[in-house]
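Below is one structure, written out as structure tokens; comments come after it.
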Amino acid sequence: MIPEGASYFLSWRLAVEANNARGWRTVPSQCLSYVEAYMLGGQYDRDLDLIVDQILSYINEIVPSSDDGAMDAWILDVDDTCISNLVYYRGKRFGCDPFDPAGFKAWALKGGCPAIPAVLGLFKYLVRNGFKVFLITGRDQETLGQATTDNLRNQGFIGYERLIFKTAGFRGQSASAYKSEIRRRVEKEGYRIVGNVGDQWSDLQGECLGRRAFKLPNPMYFVP
């Protein structure tokens, strides 16, 4: 029989991933040990591998457009999609502590976020097969632009079409509104968004979503 604490965590994580739990600020304290076990014990990595396998199956079914797919684009989020902040959140009790903007900025400036292996493999596959990959992040361009660019390059994210940061003009906008507008601009340039990957529902909601969206697991924080 599953202990009551583990049972609650499983139900809570399902609510998070199904986007039934919205606007939450911290992980429930009774879930701490279970989030830690999920993130570090191998299940998180197995879940990522399964989702990426689903993405690859979808990619292999895509029929090239009349221009041989030269304008077929994929959108990838950055934080906890391409690169991992797990080391940082381990020090924040896996999301049980409130978000600390200054602390996260200091962490990001170090440029030490490791690649998420399954997504790095997906990224390289997309580039190798001629897709135009747009990396869209909510990180601030002025303060984190260079550190993030270097971090991604050092982790093997080379060959993307464009890396897009949140600029001052989007200050105060929700992640969903900001990313919708960026996707709209990408489509206006003539690209066809055939896939969109992110760890937050706000990466995958709004307008110009593309043909298919894929949600990666993240029980540690919620971005509206």
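For the reader, a short list of remarks on this structure follows.
- The residue pairs whose first member lies in region 104-115 and is touching a residue at least 40 places away in the same chain (Cβ under 8 Å) and of a type in the set (A, V, I, L, M), whose second member is open to solvent by 30 Å² or more (accessible area, probe 1.4 Å) and assigned to a loop (DSSP other than H, G, I, E, B), and whose beta carbons are closer than 7 Å, counting only pairs six or more residues apart or on different chains, are Ala115/Gln155.
- Checking Ala6 against (1) modelled with pLDDT of 95 or more; (2) more than 12 Å from Pro219 (Cβ to Cβ); (3) among the small types (Gly, Ala, Ser), the condition it does not meet: (1)
- Summed over region 174-212, the residues that are open to solvent by 50 Å² or more (accessible area, probe 1.4 Å), without any contact (Cβ under 8 Å) to a residue 60 or more places away in the chain and under 12 Å from the mean Cα position of the chain (by Cα) give a count of 0.
- Ala108 being outside any loop (DSSP other than H, G, I, E, B) and closer than 21 Å to Pro224 by Cβ: yes
- Test result for Ala168, without any contact (Cβ under 8 Å) to a residue 24 or more places away in the chain and surrounded by fewer than 20 Cβ atoms within 10 Å (Cβ to Cβ): no
- Hits in region 119-148 - residues which are open to solvent by 20 Å² or more (accessible area, probe 1.4 Å), in contact (Cβ under 8 Å) with a residue 60 or more places away in the chain and not small (Gly, Ala, Ser): Tyr125, Asn129, Phe131, Lys132
- Counted residues, region 136-166 - those being farther than 15 Å from Lys105 by Cβ, β-branched (Val, Ile, Thr) and in contact with a strand residue (DSSP E or B) (Cβ under 8 Å, 6 or more places away or on another chain): 3
The values are calculated or read from the model by the stated rules, or taken from the named source; none is laboratory data. Please read all numbers here as calculations on a predicted model, not as lab measurements. Cβ atoms come from the backbone with ideal geometry, glycine included; neighbour counts cover every protein chain shown. Surface areas here come from the heavy atoms of the whole protein model, side chains and all, with no ligands, DNA or RNA. Shrake-Rupley method; radii C 1.70, N 1.55, O 1.52, S 1.80 Å.
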